[in-house]
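Asker: So that we are looking at the same thing, I have put the structure below in structure tokens.
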Amino acid sequence: MMENKNIAKAIQSDEIVMSIKGLCKSFGSNHVLRDFSLNLFRGENIAVIGKSGSGKSVLIKCVIGLLKADKGSITVLGEDVGNLNRRQLDEMRVKVGFLFQSNALYDSMTIRENLEFPLRRHRRKDKPENVDDLVMEALSNVGLEETVDMMPSELSGGMRKRIALARTLILKPEIILYDEPTTGLDPITGREISQLMVEIQKKYNTSSIIISHDMNCVKIASNRIAMLIDGTNYATGPFDELKEFNDPKVRSFF
């Protein structure tokens with residue numbers, strides 16, 4: 001594995017908030033992850049890229065405990081995911097926001113009700129803020145305060161993506177997992193979402209893993225890229241440095 005140790009200047013800490021070591025996951029004879037390792041630092045956005053079927057979604061499911069790894073370890077905010085029970089996993093997931101590719105908004109609920117939903121399920125006792133204040137703060141973060149009483153069907157695709165991000169942010173997660181955040185969006189809207197991800201990173205010092213096929217999003221929103229090839233972290237580094245690699249497996253993405 002080629003590893004670039006020079007983290008981008010935007011990263012403000014050398015604190016590791018997620019550590020994946022020697023991760024292996026197979027489904028029968030299909031060895032999806034083979035000794036995959038990666039560290040995510042506080043305040044860092046890492047994009048994980050790879051061909052379709054390379055194991056990106058499997059990696060994310062292992063991180064949040066939906067799949068159990070065959071071998072290796074995943075430590076999130078100091079906790080070993082493989083050793084957590086269901087209650088402990090739920091508590092850990094409150095600190096790890098997830099932006100679904102499909103947005104996963106509830107069509108029968110207003111925007112306000114969509115944002116209130118995670119607060120009702122996972123209200124953090126150490127954050128007793130007023131619910132209305134939290135809803136409006138989250139909408140302000142994505143520039144859509146005026147949509148609070150609208151229905152998802154009244155919004156454009158880009159606006160729905162922003163609302164989904166607002167719902168992710170409302171619990172003030174320390175880590176955000178983005179699953180194809182710009183899929184289905186036109187290039188201009190995709191760029192706006194990518195820039196919004198950077199703004200959120202800077203405002204809240206969040207750490208993120210971005211699963212994406214959109215290299216424009218990867219270039220804008222990530223500090224480093226991890227290339228998932230043949231089940232391993234084949235190469236890691238900033239966009240501009242990986243782009244100059246002569247390795248044909250790396251160059252095929254640029």
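The values are calculated or read from the model by the stated rules, or taken from the named source; none is laboratory data. From a predicted model like this one, the values you see are computed outputs, not experimental measurements. As a convention, Cβ positions derive from the backbone with ideal geometry for all residues, glycine included, and neighbour counts pool all protein chains shown.
Asker: Restricting the search to the stretch 194-224, which residues are of a type in the set (Val, Ile, Thr) and within 13 Å of the chain's Cα centre (by Cα)?
Answerer: 198, 200, 206, 209, 210, 211, 218
Asker: Pull up the stretch 93-116, narrow it to residues that are hydrophobic (A, V, I, L, M, F, W, C) and at pLDDT below 90, then point me to the one that is farthest from residue 157 (Cα to Cα).
Answerer: Here is the first cut: in the stretch 93-116, the ones hydrophobic (A, V, I, L, M, F, W, C) are 94, 96, 98-100, 104-105, 109, 111, 115.
Now narrow it down to the ones that are at pLDDT below 90: 94, 98-100, 104-105.
Numbers: 94: 26, 98: 18, 99: 14, 100: 13, 104: 12, 105: 12 Å.
Within the stretch 93-116, the match that is farthest from residue 157 (Cα to Cα) is 94.
Asker: Kindly provide the set of residues from the stretch 68-94 that are within 19 Å of the chain's Cα centre (by Cα), farther than 22 Å from residue 32 by Cα and of a type in the set (A, V, I, L, M), ordered by number.
Answerer: Answer for the stretch 68-94, where residues must be within 19 Å of the chain's Cα centre (by Cα), farther than 22 Å from residue 32 by Cα and of a type in the set (A, V, I, L, M): 77, 89, 92, 94.
Asker: Residues of the stretch 139-158 being modelled with pLDDT of 90 or more and either part of a helix (DSSP H, G or I) or of a type in the set (Phe, Trp, Tyr) (or both), which ones?
Answerer: Scanning the stretch 139-158 gives 139, 140, 145, 146, 147, 152, 153, 154.
Asker: Here is a follow-up. Touching a residue at least 60 places away in the same chain (Cβ under 8 Å), within 30 Å of residue 131 (Cα to Cα) and acidic (Asp, Glu): does that describe residue 180?
Answerer: Details: touching a residue at least 60 places away in the same chain (Cβ under 8 Å): yes; within 30 Å of residue 131 (Cα to Cα): yes; acidic (Asp, Glu): yes.
So residue 180 passes the test.
Asker: Among the residues of the stretch 71-114, which ones are touching a strand residue (DSSP E or B) at 6+ places or on another chain (Cβ under 6 Å) and of a type in the set (Ser, Thr, Tyr)?
Answerer: 73, 75
Asker: Could you tell me whether the stretch 104-117 includes any residue that is over 27 Å from residue 195 (Cα atoms) and in contact with a Phe, Trp or Tyr (Cβ under 8 Å, 6 or more places away or on another chain)?
Answerer: yes
Asker: Now, a different point. Look at residue 90 and say whether it is loosely packed, with under 13 Cβ neighbours inside 10 Å and modelled with pLDDT under 90. Can you show your working first?
Answerer: Values: loosely packed, with under 13 Cβ neighbours inside 10 Å: no; modelled with pLDDT under 90: yes.
No.
Asker: Quick check, is residue 165 touching a residue at least 60 places away in the same chain (Cβ under 8 Å), in contact with a helix residue (DSSP H, G or I) (Cβ under 8 Å, 6 or more places away or on another chain), aliphatic (A, V, I, L, M) and in a strand (DSSP E or B)?
Answerer: No.
Asker: Sticking with this structure for a sec: Could you tell me whether residue 116 is over 16 Å from the mean Cα position of the chain (by Cα) and either buried (at least 17 other Cβ atoms within 10 Å of the Cβ) or part of a strand (DSSP E or B) (or both)? Can you show your working first?
Answerer: Working: over 16 Å from the mean Cα position of the chain (by Cα): yes; either buried (at least 17 other Cβ atoms within 10 Å of the Cβ) or part of a strand (DSSP E or B) (or both): yes.
Yes, satisfied.
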